[in-house]
Each structure stands twice: as C-alpha cells, then as structure tokens.
Amino acid sequence: MDKFVIQGGIPLKGEVKISGSKNAALPILCSSLLADDPCTFENVPNLNDISTIIKVLEVLGVKSAKKGNKVILDPSKINSYEAPYDLVKTMRASILVLGPLLAKYKKAKVSLPGGCAIGVRLIDQHIKGLEKMGANIEMSHGYVMASTKGLKGAHIVFDMPTVGGTENIMMAACLAKGKTIIEQAAKEPEIIDLANALKKMGANIEGAGGSTITIEGVKKLSGSTHSIIPDRIETGTFMAAAAITRGKLLIKNACFEHVRSIAEKFKAMGITIEEKADDTILVEGTSRIKPIDIDTAPYPGFPTDMQAQIMAIASIADGVSTITETIFENRFMHVPELIRMGAHLTEKGRTVTVRGVKRLQGASVIATDLRASASLILAGLSAEGTTEVRRIYHLDRGYEAMEKKLCKLGAKIKRVRGGL
Ligand code: EPU
C-alpha cells in the first residue's frame, strides 16, 4: 500500500487547476446506459473510482474508449444486467446503474454495496422510488433483484434529500412513461450537471437544483457530448491547503458559486478569499486563524465532504471551534489520527470540539477514507517535521494527481510505493 511522506511547514504558493468532479462524473457515466448510441464525456478526472465505474459498465456490455480526460461510452450492445459484488463492494456509487438498467432494459441485478467506513448509507429511498414507478424489487443473496413491465411516472417524496437517490430516480424517470415528480430532491451541483447531461441526450427535466424536480419521460435518448463540472470538493481542499499552510493560491478552473458556503466559513476564519474572473479563486492564508462553528448540511450548506479538511485548519486556530457532522453517523475517523499529530479534539456524539494549538507535529497516521486522507495530508503540510500518511489508496479514489499538484505549489510530498 502506498504512503505519502510530507515535510511540513512550507507555505504553498502558485496556481493549481481543478479537475472534473468525481461525484458528477460517476452518475453521468452511468447515464450513458440510457442512450441508444455512443456518448462522449469530457473533463472526466483520472481516478480509481472512475476506472471502477467504467469496469462496471463494461461488465454490462458497454464499450469504452478513453483518451486523457475524454471518455467515450457505447451502450448499443448491452448484454448483461448484473453489477457484481466484486466491483460494487469497492465503490458504492455502482448502485447508480440500477435506475438506468431498469428503465431501459426492464431488469437489473445489482449487488448491495455492503459496509462503508463513514456510515450505514442505506439505499431504501432509491428502492422506494423505483417501486413507486412500478418496479418489483427483492433483496436476495446480497443482491437487489429488480424487474418491471415498464416504469411509469410517479410522485416521489424522499424522506431526506439523497444525492444518489435523486440521481437514480431522475435517470430512471427519463425513459419512464409519463411524468415523475421528485420532492425533497437533493440540490447539489452534481444533480444539475447530471440533468444537463441527460437533457443533451434528449431528456425532459425541469427544476434540477431545486427541491422539486419534474421529469417527463421520453421514448428514447441519443448519444451526446458533455463536459463535467469542476470538482467543488477538490476546490475546497486546495482552498484549505492555502489556509492551513498560510500560503497564497490561485485556484483555476473552479466554480465559485459551488464553494460559496465553504468560502463563507473560510472568510469567517480570517482567510482571504476573492472570486476572480475566468473561473479563478484567490485564497490567502492568515497568521491568525479564527475559530469557527460548523454544522454540515446538504447543499447549499457546508458539505460533509469538507468536514475533515476544515477540522485540520481549526486544529491550529486561535480559540475553540465546534464541528458537527449531520449527514453521516461515523465520519470522524480522522479525529484520533489528528490527535496523534498534536490536535486537541474532543468527540461527543456528532460534535467535535477543537481547541486550537500553535502547531501540529508530524507523525505516522493512517487514512481511513477519502476525505480523512485529505485532512491528514493538509495537517501534514502544516505540521512541524515529517508526516507519513499511510493507506493513501483512499485518496487515489477521489483526487486526481494530488501529490503532483501539491509539489508544483512548493510542497515537499513524496509517494512511497508498497509497505503497510
Ligand atoms: N440515505 C438513506 N437512505 C437512502 C439514501 C441515503 O438513509 O436511500 C442517507 C445516507 O445514509 C446519508 C444521507 O442519507 O446519511 C445522505 O446520503 P446521500 O444519498 O445523499 O449520499 P450518497 O449519494 O451516498 C453522495 C456522495 C458522497 C457525499 C454525499 C453527501 C457520490 C458518489 N457520493 O453520496 O461523497 O458525501 O453524497 O453529500 O456522489 C465523497 O466524495 O467522499 C463522498 C462520500
């Protein structure tokens, strides 16, 4: 297993270009299953999670071609309706083939994703929505077995705004007969990007980005070309890198609107954030970081996917911060690792109280999930001495060329291959 070795204490400086969004690309690549002919996707990040979803699609019979950040998917010869456990267990987002397969081919067998480091992560809302649209669904031997005589539009009210649930139902509804209304839909930018990609294929969708989405089913969808939006969590993570190292970064190819709630909290911590022209954000750290109180929330609130990173910054703030995780039950696994680096953190229920220290100290730490890895790397970049972040395969799932980008900004970070 690869690890990163980081020499901390260097203020990062320069320009960094943000890659395409992982969480937008994953459902959008799955949406190709709905089309009759090849779809071209641009600005697709090179990540392990993207390779996994392409493998899932290939197992179903999709032909794929990849060149740099462009992916072409040809769904015209689908010959299987089964997403197997071996692939799905490595990435939960594989469940996003369920809606499209059911809508287009009237059957699907998708492995239940199983355990996840950050929480239980049920899919009951996906199932409830598809059943309301006329699917017969059974759980059998660890698989979701679904079939239908033909999906029909339905009025679906989610119990909570679920990103994956909204995506699965929105894709299924594109080829269902009649009108589907999704209430309490997730409003994340990735939902809007998926709707835009589907519309280019001929879908009839209104209201994406709001809490009610209306989809009028169409008979067929055709191939199209779509470019994926910038990754807002990668953007936020580089904003955090400038803040925690007290550096100055120009973050390019970013969408300021998508990181507004992150920017507001950073500004309240005394960090300078300026929206520049040409999709650029300027971030400049401060010598005196102010403490902050944060509750994670669905978009447009402060994202759970930035909770671990902002905790690393709060660890060196001048005062006491509180960070409350409201989306996932078990997303504090970075806490004991940050404590090993000298952070003063007290976890009680869903809230961590952070008493800022002057400096973190380099240590050996273990990454437990994607965003926890990012938090530990940020902590290592600011810490005194050497930090080893182990098990960075989590990071490779979701950040494109992270260490190369950081090196270009002056960081001393190196990947060591193999080992525990
Ligand atoms: N939930 C249910 N039932 C459902 C669906 C969700 O109870 O049927 C609960 C979940 O257990 C969770 C909450 O609702 O407590 C929100 O889950 P949601 O469905 O919105 O999350 P997701 O679609 O599984 C996506 C991202 C996550 C991100 C969350 C929240 C992708 C591929 N993943 O997950 O990204 O944290 O939305 O914004 O889009 C990451 O990138 O590190 C990551 C974990």
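Only one of the numbered conditions (1) among the small types (G, A, S); (2) within 13 Å of the ligand (Cβ to nearest atom); (3) open to solvent by 10 Å² or more (accessible area, probe 1.4 Å) is violated by S21, and that is (3). One residue alone among K107, K128 is open to solvent by 60 Å² or more (accessible area, probe 1.4 Å) and either of a type in the set (A, V, I, L, M, F, W, C) or within 15 Å of the ligand (Cβ to nearest atom) (or both), and that residue is K128. Taking the criterion of being open to solvent by 40 Å² or more (accessible area, probe 1.4 Å), within 21 Å of I294 (Cα to Cα) and of a type outside the set (A, V, I, L, M, F, W, C), the residues of the stretch 247-273 that qualify are E257, R260, E264, K265, K267, T272.
Restricting attention to the stretch 318-360 and to residues that are touching a Lys or Arg at 6+ places or on another chain (Cβ under 6 Å) and away from the ligand (no atom under 16 Å from the Cβ), the residue that is most open to solvent (accessible area, probe 1.4 Å) turns out to be H344.
Within the stretch 373-382, is there a residue that is within 18 Å of E234 (Cβ to Cβ) and modelled with pLDDT under 95?
Applying the first criterion (within 18 Å of E234 (Cβ to Cβ)) to the stretch 373-382 yields 373-381.
Now narrow it down to the ones that are modelled with pLDDT under 95: none.
No, because not a single residue in the stretch 373-382 is within 18 Å of E234 (Cβ to Cβ) and modelled with pLDDT under 95.
At least 1 residues being farther than 28 Å from D74 by Cα is the threshold, and among the strands (runs of 3 or more DSSP E) wholly inside the stretch 191-287 those reaching it are 212-216, 248-252, 272-276, 280-284.
Residues are listed down the side, and each one gets a yes or a no for (1) within 25 Å of P291 (Cβ to Cβ); (2) out of contact with any helix residue (DSSP H, G or I) (no Cβ under 7 Å at 6 or more places or on another chain):
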{"residue": "I327", "(1), (2)": "yes, no"}
{"residue": "L338", "(1), (2)": "yes, no"}
{"residue": "A343", "(1), (2)": "yes, yes"}
{"residue": "G349", "(1), (2)": "yes, yes"}
{"residue": "T387", "(1), (2)": "yes, no"}
{"residue": "A401", "(1), (2)": "no, yes"}
{"residue": "K404", "(1), (2)": "no, yes"}
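Considering (1) over 23 Å from G150 (Cβ atoms); (2) touching a residue at least 40 places away in the same chain (Cβ under 8 Å); (3) among the β-branched types (V, I, T); (4) open to solvent by less than 10 Å² (accessible area, probe 1.4 Å), the lone condition that V120 does not fulfil carries the number (4). Number of residues in the stretch 384-416 that are farther than 29 Å from G119 by Cα and among the hydrophobic types (A, V, I, L, M, F, W, C) equals 6.
When the stretch 380-410 is filtered for residues that are under 11 Å from Q7 (Cα atoms) and surrounded by 24 or more Cβ atoms within 10 Å (Cβ to Cβ), the ones remaining, listed by number, are G380, L381, S382, A383, T387. The set of residues from the stretch 199-234 being within 16 Å of the ligand (Cβ to nearest atom) and of a type in the set (A, V, I, L, M, F, W, C) comprises A208, I213, I228, I229, I233. A single member of A263, A297 is touching a residue at least 24 places away in the same chain (Cβ under 8 Å), away from the ligand (no atom under 16 Å from the Cβ) and under 23 Å from A24 (Cβ atoms), and it is A263. Taking each residue of the stretch 395-410 that is under 16 Å from N23 (Cβ atoms) and looking for partners that are at pLDDT 95 or above and open to solvent by 40 Å² or more (accessible area, probe 1.4 Å) with beta-carbon atoms closer than 8 Å, six or more apart or interchain, yields E400/N46. For I281, the stated conditions do not hold, so it cannot be described as closer than 20 Å to G319 by Cα and either of a type in the set (F, W, Y) or open to solvent by less than 10 Å² (accessible area, probe 1.4 Å) (or both).
Can you tell me which residues in the stretch 131-151 are within 16 Å of the ligand (Cβ to nearest atom), outside any loop (DSSP other than H, G, I, E, B) and not small (G, A, S)?
To start, the set of residues in the stretch 131-151 that are within 16 Å of the ligand (Cβ to nearest atom) comprises 131-133, 135, 137, 139, 144, 146.
Among the residues that remain, those that are also outside any loop (DSSP other than H, G, I, E, B) are: 131-132, 135, 137, 139, 144, 146.
Listed by number, the residues that qualify are E131, K132, I137, M139, V144.
The values are calculated or read from the model by the stated rules, or taken from the named source; none is laboratory data. These figures come from a predicted structure and were not determined experimentally. A quick note on method: Cβ atoms are made from the backbone with ideal geometry, for glycine too, and the neighbour counts reach across all protein chains shown. Heads up: the accessible areas ignore ligands, DNA and RNA and are worked out on the full protein's heavy atoms, side chains in. Shrake-Rupley method; radii C 1.70, N 1.55, O 1.52, S 1.80 Å.
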